[in-house]
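Below: one structure, written as structure tokens.
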Amino acid sequence: MMIRSERTPWRTAGFHLTALGVSLIFAVPVIWVLAASLRLPGTPPPIDLELIPDPIIWSNYVQIFELLPLGRYLLNSFAVAALAVPLTVVVASWAGFALAQLPEHVRTAFLALAIVVRMTPITALWLTRFLVLNELRLIDSYAALLAPVWLGSSPLFVLIFYWSFRRIPADVIESARLDGLGALAIWRRIALPLARPAIGAVSVLTFVQYWSDFINPLLYLKSESRYTLPIGLRLLQQMDITSWPLLMAGVMVMIAPIMILFVLAQRAFWVEVRS
């Protein structure tokens, strides 16, 4: 049961001022990038915080799409992320639900394994993964970029679902079993609807992971037509490393979908609080 504490006006004002201050820490760099993207091409970035450049050059955003096929790279990134998010949610929630139902000593061993895997440097996997994908003839395909989804994309996502499913009373799961429901039916009809905040968090984190992934496309993709947006941003930098306004325009194109997704999905994080 949710217990709401009464707040005095001073505490409420202090809470909102603190929240505003924390928000500014994250918002100021974005504002700086946006302002820098609207400066004259070829000009250096401003030394101090310049909110409104003079003049404002909106054509920078048109020019970066003329210099490179960023529209194609943008669609490629959307396609990879759109496939990765639902597959990751399904696989990671299956693994998390299975973990929550295991006996305690077995569950502890798997949790320790998940933490060890999470702490393994990603660089240790590059060569092995490349050799495996090469043997499977998946190099230069999106299947190579999506290979991690079949393991839940990250042990962290499995742990998030495990922590969420573990809060479901054992009596509820046992009652469902007595009613004749199988493991998949219990996961779909009982566990998953109660894990909406976890689904929202994992969906956003998965989108960010695949959307901003630079290393895997660099390792596994060879055809220029299959490049994703992070590779396009790197190409834009290599074309003219001193053209900061164009590069900042590319950065804004890169981070805008993430900010929009977070604004749309943030309500899912607070379902339990509102209820």
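The values are calculated or read from the model by the stated rules, or taken from the named source; none is laboratory data. Remember, it's a predicted structure, so these values are computed and weren't measured experimentally. Note that we place each Cβ from the backbone using ideal geometry, even for glycine, and neighbour counts take in every protein chain shown.
For segment 98-126, how many residues are over 18 Å from S153 (Cα atoms) and among the hydrophobic types (A, V, I, L, M, F, W, C)?
4
Matching residues to (1) assigned to a helix (DSSP H, G or I); (2) of a type in the set (S, T, N, Q); (3) within 20 Å of W163 (Cα to Cα); (4) touching a Pro at 6+ places or on another chain (Cβ under 8 Å):
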residue	(1), (2), (3), (4)
G180	no, no, no, no
W187	yes, no, yes, no
L194	yes, no, yes, no
G200	yes, no, yes, no
V204	yes, no, yes, no
D213	no, no, no, yes
K222	no, no, no, no
L233	yes, no, no, no
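Give the residue that is nearest to T123 (Cα to Cα), with candidates limited to residues of segment 203-226 that are in contact with a helix residue (DSSP H, G or I) (Cβ under 7 Å, 6 or more places away or on another chain) and among the small types (G, A, S).
Taking the candidates together, the pick is S212.
Filter segment 211-260 for residues that are closer than 18 Å to D140 by Cα and among the aromatic types (F, W, Y); which is surrounded by the fewest Cβ atoms within 10 Å (Cβ to Cβ)?
F214
Okay, residues lined up against (1) crowded, with 17+ Cβ neighbours inside 10 Å; (2) modelled with pLDDT of 90 or more:
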residue: M1; (1), (2): no, no
residue: P9; (1), (2): no, no
residue: L38; (1), (2): yes, yes
residue: L51; (1), (2): no, no
residue: Y73; (1), (2): yes, yes
residue: V90; (1), (2): no, yes
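Which of the residues spanning segment 88-142 are among the small types (G, A, S) and assigned to a helix (DSSP H, G or I)?
A92, S93, A95, G96, A98, A100, A109, A112, A114, A124
Can you tell which of I190, I199, I215, I260 is of a type in the set (V, I, T), out of contact with any Leu (no Cβ under 9 Å at 6 or more places or on another chain) and in contact (Cβ under 8 Å) with a residue 12 or more places away in the chain?
I215
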